[in-house]
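**Q** Mind having a look at this structure? Questions to follow.
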Amino acid sequence: MADLNYYKDKVCIVTGANSGIGYAISEELAKRGAIVYMAGRSPEKIAKAAGELSAYGDRVRPLIMDVTKEEDVRKGIEGVVAEASRLDILFNNAGVGGTIPFEMATLEDWKTIIDTNLWSVIYGVHAAVPIMLEQGFGHIVNTSSIAGIVPPPFQALYSLTKYGVTGLTECLKYEYAEKGLHFSTICPANIATPIFNKGIDGQARGDLRIPDDAYPADKAASLIADRVAEHKGIIVVPEEPYTDLWKGYILDRPEIEEWLQKMAHDRRVAFETGGTYF
Ligand SMILES: NC(=O)c1ccc[n+]([C@@H]2O[C@H](COP(=O)([O-])OP(=O)(O)OC[C@H]3O[C@@H](n4cnc5c(N)ncnc54)[C@H](OP(=O)(O)O)[C@@H]3O)[C@@H](O)[C@H]2O)c1
């Protein structure tokens, strides 16, 4: 049973907070009584998003941070600690998607996605761990993906960054357990957010298309908040059927192997015929 008071007055930073999962987590944390620094790279977008949560008063605060810039991330985190005297939970959530045939990806695509999805998390962890060690407490929650525990074909770039996030976070979970720090890895499957019509550069393309099976972002945020409060390590969202998928992949179950082979085939056909593939 979730502890509904867990977040009361906890100082949290959420990156990628102006949209999708980051916005939904920010709202959920504010609802549960946290002080939420909503971080985003665009001053206009983050001011608008924080403004939409103005019902929570000065517990919701905008923070400007481009997560691909080490200095932005470090100064942003240090600024929050200077203002709020501590940092309880850092959500390294900002990121971009990327479903693209490997042979189409340029080295510039590789650099962009690694900067946005992996270096961003390294910068956040690198800045926050010394602060949390000095405090003697703190929780870092990194957004990976189901693609960070199961490798979807046509997502080699994305999956590389997300496996990196999972590995980093899981190592640190054990490394710092005796120091009072907690680490969680969020592994969402399809969540209904604008990510599906954005490219690796984060720019929107065409009309918003969301997979039919996508899970609502507000429900995802509520589940995430519950599991983070329980200090769970890997948090699969939604938990089923994706926990079974993950375990089936690890156990080399034939039906999961077939499912991945079929996904590869379907995506190749869609790519070659100009159809939709996510
Ligand atoms: N939705 C899913 O199905 C799904 C599944 C698995 C994992 N995820 C992960 O969940 C996280 C959130 O994605 P989402 O679905 O909520 O997508 P989203 O709605 O597109 O949100 C992505 C957020 O990241 C921000 N961002 C991107 N590059 C940034 C940068 N350089 N500096 C600062 N902020 C930056 C975006 O800001 P701008 O608006 O300024 O671009 C936006 O606020 C990502 O890490 C994604 O990989 C999502």
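**Q** Does the stretch 41-75 hold any residues that are under 20 Å from the mean Cα position of the chain (by Cα), near the ligand (Cβ under 10 Å from one of its atoms) and either more than 12 Å from Tyr123 (Cα to Cα) or not basic (Lys, Arg) (or both), and which are they?
**A** Within the stretch 41-75, Arg41, Ser42, Lys45, Ile46, Ala49, Ile64, Met65, Asp66, Val67, Thr68, Asp72, Val73 meet the criteria.
**Q** I need a count of the residues in the stretch 225-249 that are of a type in the set (D, E, K, R) and touching a residue at least 40 places away in the same chain (Cβ under 8 Å). Lay out the reasoning, then the answer.
**A** Taking the stretch 225-249 first, the residues of a type in the set (D, E, K, R) are 226-227, 230, 232, 239-240, 244, 247.
Checking which are touching a residue at least 40 places away in the same chain (Cβ under 8 Å) leaves us with 226-227, 230, 232.
Number of matching residues: 4.
**Q** For the stretch 80-105, give me each residue that is over 17 Å from Val129 (Cβ atoms) and in a helix (DSSP H, G or I).
**A** Of the residues in the stretch 80-105, the ones over 17 Å from Val129 (Cβ atoms) are 82-85, 93-105.
Result: Ala82, Glu83, Ala84, Phe102, Glu103, Met104.
**Q** Now, a different point. Need pairs with beta-carbon distance below 9 Å; first residue farther than 10 Å from Ala147 by Cα and within the stretch 184-197, second β-branched (Val, Ile, Thr) and near the ligand (Cβ under 7 Å from one of its atoms); sequence gap 6+ or separate chains.
**A** Going by the 9 Å Cβ cut-off, the qualifying pairs are Thr185/Thr143; Ile186/Ile21; Ile186/Thr143; Asn190/Ile146; Ile191/Ile21; Thr193/Ile21; Ile195/Ile21; Ile195/Val96.
**Q** Return the residue satisfying two criteria in turn: it lies in the stretch 211-267 and is of a type in the set (Val, Ile, Thr) and in a helix (DSSP H, G or I), and of such residues it is farthest from Gly33 (Cα to Cα).
**A** Among those that are of a type in the set (Val, Ile, Thr) and in a helix (DSSP H, G or I), it is Ile256.
**Q** Another one. Which number in (1) buried (at least 16 other Cβ atoms within 10 Å of the Cβ); (2) closer than 17 Å to Met104 by Cβ; (3) of a type in the set (S, T, N, Q) marks the one condition that Ser222 misses?
**A** Among (1) buried (at least 16 other Cβ atoms within 10 Å of the Cβ); (2) closer than 17 Å to Met104 by Cβ; (3) of a type in the set (S, T, N, Q), the lone unmet condition for Ser222 is (2).
**Q** Any residue in the stretch 250-262 that is β-branched (Val, Ile, Thr) sitting within a Cβ distance under 8 Å of a residue that is part of a helix (DSSP H, G or I)? List the pairs, counting only those 6 or more apart or interchain.
**A** Within 8 Å, the pairs are Ile256/Leu245; Ile256/Gly248; Ile256/Tyr249.
Read-outs throughout are calculated quantities, based only on the coordinates presented, and are distinct from any laboratory measurement. The shown structure was predicted, so the numbers you read here are calculated from the model rather than taken from an experiment. Positions of Cβ are generated from backbone atoms using ideal geometry, with glycine treated the same way; all protein chains shown enter the neighbour counts.
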